[in-house]
Structures are given as structure tokens and as C-alpha cells.
1. Given the criteria surrounded by 15 or more Cβ atoms within 10 Å (Cβ to Cβ), assigned to a helix (DSSP H, G or I) and within 16 Å of the ligand (Cβ to nearest atom), does L171 qualify?
2. Tally time: how many residues in segment 87-108 are more than 18 Å from A7 (Cβ to Cβ), surrounded by fewer than 12 Cβ atoms within 10 Å (Cβ to Cβ) and more than 8 Å from the ligand (Cβ to nearest atom)?
3. Would you tally the residues in segment 145-164 being touching a residue at least 40 places away in the same chain (Cβ under 8 Å), part of a strand (DSSP E or B) and more than 16 Å from the ligand (Cβ to nearest atom)?
4. Take segment 23-53 and flag every residue that is more than 12 Å from the ligand (Cβ to nearest atom) and acidic (D, E).
5. Just one of T142, T138 is farther than 20 Å from R67 by Cβ, more than 15 Å from the chain's Cα centre (by Cα) and more than 15 Å from the ligand (Cβ to nearest atom); which is it?
6. Conditions: (1) surrounded by 14 or more Cβ atoms within 10 Å (Cβ to Cβ); (2) touching a residue at least 60 places away in the same chain (Cβ under 8 Å); (3) more than 15 Å from F112 (Cα to Cα). T138 meets all but one. Number of the miss?
7. If L102 satisfies every condition in (1) modelled with pLDDT of 95 or more; (2) in a loop (DSSP other than H, G, I, E, B); (3) not β-branched (V, I, T) but one, which is the exception?
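The values are calculated or read from the model by the stated rules, or taken from the named source; none is laboratory data. This one's a predicted model, so the numbers in the text were calculated from it and none came from an experiment. Note that each Cβ is placed from the backbone with ideal geometry, even for glycine, and that neighbours are counted across all protein chains shown.
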Amino acid sequence: MITTFVAETDLTEEQDAQLRQLLAIGFPERASHFERQSWWLARPQWRLWLSDDDGRPLAHLGIERRRIGVGDHDVYVAGVGHVCTHPDQRGRGLGRELMHHLRAVMPAPVGFLTCGRHVVGFYEAAGWREVPGPVEMTNVYTGERMVSTSHPPMVLGDGFPAGSPIDLRGLPW
Ligand SMILES: CC(C)(COP(=O)(O)OP(=O)(O)OC[C@H]1O[C@@H](n2cnc3c(N)ncnc32)[C@H](O)[C@@H]1OP(=O)(O)O)[C@@H](O)C(=O)NCCC(=O)NCCS
């Protein structure tokens, strides 16, 4: 398995096309979007992925470093999104391996994401923990501020302050 960590600004056209293909297969409900553009919601600043010996990406995540608000505190987080394992490769530990590599490259002490309730167990198995919301963010469709209570906020690492609400000050990941 080959591990690649690359800044968004250094992504080659070929890498971008490969990631679009993986994300379109991995998120079929957003396939038509990912066929054109390799991100949805906040654009990552870095990409981390695992590929097979032929260079085909099998598991991927994106990272953006951002200063967010947590109650009265401000904190830099590594916002994580676009977490995806190729459907043919799920359940084989690639997601776990990806999370292991993430710890080594995180551009902030704390990782942050919001996710569907159905994948909370995956993140918990990788060391993430749920924290209290609600989470304020920019609505991707309207550009307006919105409050989300549907997607649990999760953090990785130490140093996430106690407080409410969590204000992402931008699009979610
Ligand atoms: C979620 C996803 C990334 C998991 O990747 P994966 O490579 O299949 O995960 P792994 O095989 O490394 O699993 C690691 C551990 O998490 C557990 N796990 C995996 N998916 C899980 C889920 N949906 N719920 C609970 N636990 C899960 C596995 O059982 C395993 O635990 P174990 O080692 O104790 O057996 C993958 O299913 C996927 O791409 N889903 C579609 C896209 C998606 O929903 N992404 C998340 C967006 S927030």
C-alpha cells in the first residue's frame, strides 16, 4: 500500500482525476458532483490517501486547518472530510490505516469533523470521540449561517476546549 500526503496546490491533474473517480464511486449520491470537482463543502488544503501498487487510490481523506470557535474559546483544528474507502475495499482496515497516518500529518493538535450517526462507530474505533454540539456553519446551498444538530461533532486528540456552540466559521468538512 502506498501512502500519499499532498498539498491541494500540488495536486496533479492525474491525481485530481483519480480522486474524483474514487469519490464519485464512494459517494454515489454525489457522483455527478464529484465527477467534475474533487471536493464538496469546504475545500481541503491537503489530501491523504492510500493506493494500491498500480497507483489506484483506495482510501482518501481531505484536511483543512482552520481556527474555529468553541463557546468562548478559539482553537485551531484540522478539519477532516471526504473520508472514503473504495466500496470493493471496505471492511479491510484501510479506513483505520488512513486514520493512523492522519495522526502523523495533522496540521493542528486536534482533528475535527461532523459525520452521519451511522459512521460514529468507525471514527470511535479510530480514536475519535463525540463532543457536545450544536455546530454552527455556512449552508452550502444558501451561503447563510445555519445550526446543525443532526451530524455529531467528533474530535481526535487532546486540547479541544469545553464550550458551546461550536462555530465552524465557514463550510463544514
Ligand atoms: C466509513 C468508511 C470510510 C470505513 O472505511 P473502511 O475502510 O471500511 O473501515 P475499516 O475496515 O478500516 O474499519 C475500521 C473499524 O471501524 C469499524 N467500522 C467500519 N465502518 C463502520 C461503521 N459504519 N460503523 C461502525 N463501525 C464501523 C470496522 O468494523 C473496524 O473495526 P474493527 O477493527 O474493530 O473490526 C467506509 O465505509 C466508507 O467509505 N463509507 C462511505 C463513505 C462515508 O460514509 N464516509 C464517511 C463520511 S463522514
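1. no
2. Here the count works out to 1.
3. 0
4. Answer for segment 23-53, where residues must be more than 12 Å from the ligand (Cβ to nearest atom) and acidic (D, E): E35, D52, D53.
5. Of T142, T138, the one residue that is farther than 20 Å from R67 by Cβ, more than 15 Å from the chain's Cα centre (by Cα) and more than 15 Å from the ligand (Cβ to nearest atom) is T142.
6. (2) is the only condition that T138 fails.
7. Just one mismatch for L102, condition (2).
Yes/no matrix, rows are residues, columns are (1) closer than 16 Å to D158 by Cα; (2) touching a Pro at 6+ places or on another chain (Cβ under 7 Å); (3) exposed (fewer than 14 other Cβ atoms within 10 Å of the Cβ); (4) of a type in the set (A, V, I, L, M):
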residue: R47; (1), (2), (3), (4): no, no, no, no
residue: G62; (1), (2), (3), (4): no, yes, no, no
residue: I68; (1), (2), (3), (4): yes, no, no, yes
residue: G111; (1), (2), (3), (4): yes, no, no, no
residue: A125; (1), (2), (3), (4): no, no, yes, yes
